[in-house]
Amino acid sequence: MDLIAGIDKKLAQLSAQSLTRRRRVTDGASSPRQVVDGRELLAFCSNDYLGLAAHLAVVAALREGAGLYGAGSGASHLVSGHSRAHALLEERFGEWMAPYIEQARALYLCTGYMANLAVLTALGADADAQIFSEALNHASLIDGARLAKAGVSVYPHGDVATLEQQLGASTAATKIVVTDSVFSMDGNLAPLPALLALCERVGAWLVVDDAHGFGVLGQSGRGALEHFALRSPNLVYIGTLGKAAGVGGAFVAAHASVIELLVQRARPYIYTTAAPPALAHALQASLDIIGGTEGVQRRAHLAALVDHLRDALRLQRWQPAPSHTAIQPILIGSNEDALRVAAGLHEQGLWVPAIRPPTVAPGTARLRVTLSAAHSHEDVARLAHALNELERATA
Ligand SMILES: *Cc1c(COP(=O)(O)O)cnc(C)c1O
């Protein structure tokens, strides 16, 4: 029982710091109207930014994919699990990213988490490589850097000048700069043009995790590279497909040689069963929407909702983050206060998650509001009104 007592002590410590997390069981498809514990809540928590997770055309394609390819892939990609559906999807991603990356090729992986592990462990496979990691990077990039044989240095958030000093002082044979494009808990953008110019100058890779940009940034939804009109052979791009694309998995787009290295060497790609081919088939329908006129309309509606929320908030103490993306965090401060505000919203039928350390820095607990093209202007007005009133009531 000593083993269990040790675990229970750790759990009690988490609870004492208001850090216990709880999973809520939802019924039905992803939607702004989410049924939780039998009650319908107006939800501002999902990363389904375009409302594609329950889109009829995507669901129909998933069903069709199951008919064509069955339920599971049966094996890893290098054994027998690499289906026509995976191959066609990779071809399409390669074409999509060709304007931004020279000799682009793409690889589809089971999750964004695994894609980040794959890229960093493969590029940073040697001890004489160095990974330069942005301070606010997603946990999966941090874990990828930990797993790589390369050394790791962290540069301060958005600080290109300090990164330049670190790169200049480094004698590493291979230099790898890695950053989120849209920071997941803040919603702001990395200075990608300045980062790319620097990486080209010093001959470094620039690895961009566009989990919150793919599908939503850029005129045709191709993400951060399109948004900033970047093109370079130094770019290694990761787009995840469980957020705006509404399905699951991720792709890496890079120079064909980088992709071939991943196929040959990246353990998170090689040593896992290929994702169900039906998912790859369903993603074709997502891409049709993202890249077509419906995608343009959905992104325009989402942008209008973001403006609406920012205009309607009248907060004195709580701080809306300076973000123009679908991620609209509101900084509260202490864990207890953030939980209390989230509970107050919940009482009114609104579901907004409180984000606490270690996901964010201590003292910066926040509400992470995310907007989706599936929201209406009335939904956003209701949220803004509730927040304005709650702040007044807790003055
Ligand atoms: C969600 C996320 C990931 C992980 O992607 P999954 O497909 O959910 O595993 C990676 N990076 C960032 C920045 C993310 O927000």
message: Cross-link candidates for K149: which lysines have Cα within less than 22 Å, leaving aside residues fewer than 8 places away along the same chain?
response: K175
message: Just to be sure I follow: if Rg is taken over the C-alpha atoms of segment 69-167 and Rh is the Kirkwood radius over the same atoms, what is Rg/Rh?
response: 1.06
statement: In the chain the DSSP beta bridges are antiparallel at a rate, in percent to nearest 5, of 55
Estimated dipole of the chain in Debye, rounded to 20 [Cβ of Lys and Arg +1, of Asp and Glu -1, Cα centre]: 520
- prompt: By how many nm would the segment from R267 to T394 lengthen if fully extended, with 0.36 nm per residue of separation less the alpha-carbon distance?
  reply: 40.6 nm
query: Tell me, what is the percent relative contact order of the chain, built from C-alpha pairs under 8 Å that lie six or more residues apart?
result: 22
message: Can you compute the helix-only [θ] at 222 nm over the chain? Use -39500 (n - 2.57) per DSSP H run of at least 4 residues, normalise by all residues, nearest 500 deg cm²/dmol.
response: -13500 deg cm²/dmol
- prompt: Between G292, G218, G248, which gets the highest mean-square fluctuation from a Gaussian network model of the chain, Cα cutoff 10 Å?
  reply: G292
task: Rank by packing, highest mean first: peptides 379-390, 149-160, with packing defined as the count of other Cβ atoms within 10 Å averaged across residues.
output: 379-390, 149-160
statement: The orientation-averaged projected area of the Cα convex hull of the chain, in nm², is 21.0
field: Segment S376-L14, extension gain: residue separation times 0.36 nm, minus the distance between their alpha carbons
entry: 126.6 nm
task: Could you please rank H346, H281, placing first whichever residue has the fewest other Cβ atoms within 10 Å of its Cβ?
output: H346, H281
task: Subtract the Cα-Cα distance of E336 and D128 from 0.36 nm times their separation in residues, and report this length gain in nm to one decimal.
output: 70.4 nm
field: Cα centroid separation, segment 232-254 to segment 22-91 (Å)
entry: 16
task: Obtain the nm distance between the two label points defined at E260 and D288 by a simple spin-label model: each point lies 7 Å from its Cα along the Cα-to-C-beta direction.
output: 3.4
- line: So, relative contact order of segment 1-152 in percent, Cα under 8 Å, 6 or more apart, is 11
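Taken together, the values in this text are just the output of simple stated rules run on the coordinates, not laboratory data. As the structure is a prediction and not an experimental result, all values here were calculated from the model. Every residue, glycine among them, receives a Cβ derived from its backbone with ideal geometry; neighbour counts consider all protein chains shown.
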